[in-house]
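Engineer: Sharing a structure below in structure tokens format, with a few things to ask.
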Amino acid sequence: MPRRLALLALLLAAPTLGRPAAAQDRAITLASTTSTEQSGLFGHLLPIFQRETGITVRVVAVGTGQALAIGAKGDADALLVHDRAGEDRFVAEGHGLDRRDVMANDFVIVGPAADPAGIKGGRDATEALARIARAKAPFASRGDDSGTNRTELRLWKKAGIEARGIGASYRELGQGMGPTLNAAAAMDAYTLTDRATWANFKNRQTLVILVQGDPALFNPYGSILVNPAKFPQIHAADAKVWHDWLTSERGRAAIASFRINGEQLFFPTGTMPSQ
């Protein structure tokens, strides 16, 4: 009997040995962009966060429009996205709270080295798009309501051009950044991409960066907590740990330390050279 009691006591105590079971199970769902996933940033960032907090971050990597829709249904605990107008609307509608600037990089226009539209070396993105349209050169659009796609459409509008009215040379793919770059490479097409995904993209074929440096290509990212008052089922406390960490000195240092071939690709807010 004493041995059986001792064994029972050991089994009851087992969950408390080492790290608490509750700590092992802590996890949040983060709806974010394909650029943060496909660039490799999350592969660098999330293990650091988990080591420091014990919280696992499960990423749903989609276009920003879809990420905002996921958050609006309470199917994520936090967002990390890049469309400021959409982010502000998400908060104003009561779906989220405490939106914070986190980091930034920039977009670039890439295209075939032969450059049939003659945009190489330009710094005016709208003029580049106007030239592409006049040349009837192929343009691969993500067409997925992502932050990148929203930026692209704003640039076409600024250029006074209805993108969907260009004709067959304008291809809406409904794909993330990586597949869109693959399609552009296969078609010798122009496209708009964030610099980080481009840096991690291997199948470039004849594609090169042709236009960069326009302030209109600035690409800021924001973190938003999904509103627990509206969605009480979410993991609000652990989401706030993530949210606070991203903008802490440790989080900022982790973001700044991510590099591809020695190049820093995400800059904590206020540190990007062009800011």
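Engineer: Hey, can you tell me all the residues within region 132-149 that are surrounded by fewer than 20 Cβ atoms within 10 Å (Cβ to Cβ) and part of a helix (DSSP H, G or I)?
Structural biologist: Passing the criteria: Arg134, Ala135.
Engineer: Out of Ala76, Ala31, which single residue is buried (at least 16 other Cβ atoms within 10 Å of the Cβ), more than 25 Å from Arg259 (Cα to Cα) and among the small types (Gly, Ala, Ser)? It would help to see each step written out before you state the result.
Structural biologist: On the way: Ala31 fails: more than 25 Å from Arg259 (Cα to Cα).
Among Ala76, Ala31, only Ala76 is buried (at least 16 other Cβ atoms within 10 Å of the Cβ), more than 25 Å from Arg259 (Cα to Cα) and among the small types (Gly, Ala, Ser).
Engineer: Check Gly94, Gly111 and return the single one that is modelled with pLDDT of 95 or more and either surrounded by fewer than 18 Cβ atoms within 10 Å (Cβ to Cβ) or polar (S, T, N, Q) (or both).
Structural biologist: Gly94
Engineer: I'd like the full set of residues that are open to solvent by 70 Å² or more (accessible area, probe 1.4 Å) and closer than 17 Å to Arg154 by Cβ, limited to region 114-126.
Structural biologist: Initially, region 114-126 is screened for residues open to solvent by 70 Å² or more (accessible area, probe 1.4 Å), giving 114, 116, 120, 123-124.
Asp124, the sole residue that qualifies.
Engineer: Here are some conditions: (1) open to solvent by less than 40 Å² (accessible area, probe 1.4 Å); (2) at pLDDT below 95; (3) of a type in the set (Ser, Thr, Tyr). Thr16 meets all but one. Which one does it not meet?
Structural biologist: Going through (1) open to solvent by less than 40 Å² (accessible area, probe 1.4 Å); (2) at pLDDT below 95; (3) of a type in the set (Ser, Thr, Tyr) one by one, Thr16 breaks only (1).
Engineer: Name the strands (runs of 3 or more DSSP E) wholly within region 150-248 that hold at least 2 residues that are in contact with an Asp or Glu (Cβ under 8 Å, 6 or more places away or on another chain)?
Structural biologist: On the way: elements: 170-172, 191-194, 207-211, 218-226.
Of the strands (runs of 3 or more DSSP E) lying wholly inside region 150-248, those with at least 2 residues that are in contact with an Asp or Glu (Cβ under 8 Å, 6 or more places away or on another chain) span 191-194, 207-211, 218-226.
Matching residues to (1) in the same structural domain as Gly178 (by the TED database); (2) open to solvent by 20 Å² or more (accessible area, probe 1.4 Å):
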residue: Leu192; (1), (2): yes, no
residue: Asn200; (1), (2): yes, yes
residue: Asn203; (1), (2): yes, yes
residue: Ala237; (1), (2): no, yes
residue: Lys240; (1), (2): no, yes
residue: Thr247; (1), (2): no, yes
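Engineer: Looking at region 47-71, which of its residues are open to solvent by 30 Å² or more (accessible area, probe 1.4 Å) and assigned to a helix (DSSP H, G or I)? Explain how you work it out, then say what you get.
Structural biologist: Step one: filter region 47-71 for residues open to solvent by 30 Å² or more (accessible area, probe 1.4 Å), giving 47, 50-53, 56, 58-61, 66, 69.
Listed by number, the residues that qualify are Pro47, Gln50, Arg51, Glu52, Thr53, Gln66, Ala69.
Engineer: List the number of the failed condition for Ala189; all other conditions in (1) under 20 Å from the mean Cα position of the chain (by Cα); (2) farther than 28 Å from His44 by Cα hold.
Structural biologist: Among (1) under 20 Å from the mean Cα position of the chain (by Cα); (2) farther than 28 Å from His44 by Cα, Ala189 violates only (1).
Engineer: Continuing with the same structure: Just checking, which of Leu207, Leu181, Leu173, Leu217 is open to solvent by less than 60 Å² (accessible area, probe 1.4 Å), over 16 Å from the mean Cα position of the chain (by Cα) and more than 30 Å from Gly74 (Cα to Cα)?
Structural biologist: Numbers: Leu181 fails: over 16 Å from the mean Cα position of the chain (by Cα); Leu173 fails: more than 30 Å from Gly74 (Cα to Cα); Leu217 fails: over 16 Å from the mean Cα position of the chain (by Cα).
Unique residue meeting the criteria: Leu207.
The values are calculated or read from the model by the stated rules, or taken from the named source; none is laboratory data. Everything numeric in this text was worked out from a predicted model, so none of it was measured. Note that each Cβ is placed from the backbone with ideal geometry, even for glycine, and that neighbours are counted across all protein chains shown. Surface areas here come from the heavy atoms of the whole protein model, side chains and all, with no ligands, DNA or RNA. Shrake-Rupley method; radii C 1.70, N 1.55, O 1.52, S 1.80 Å.
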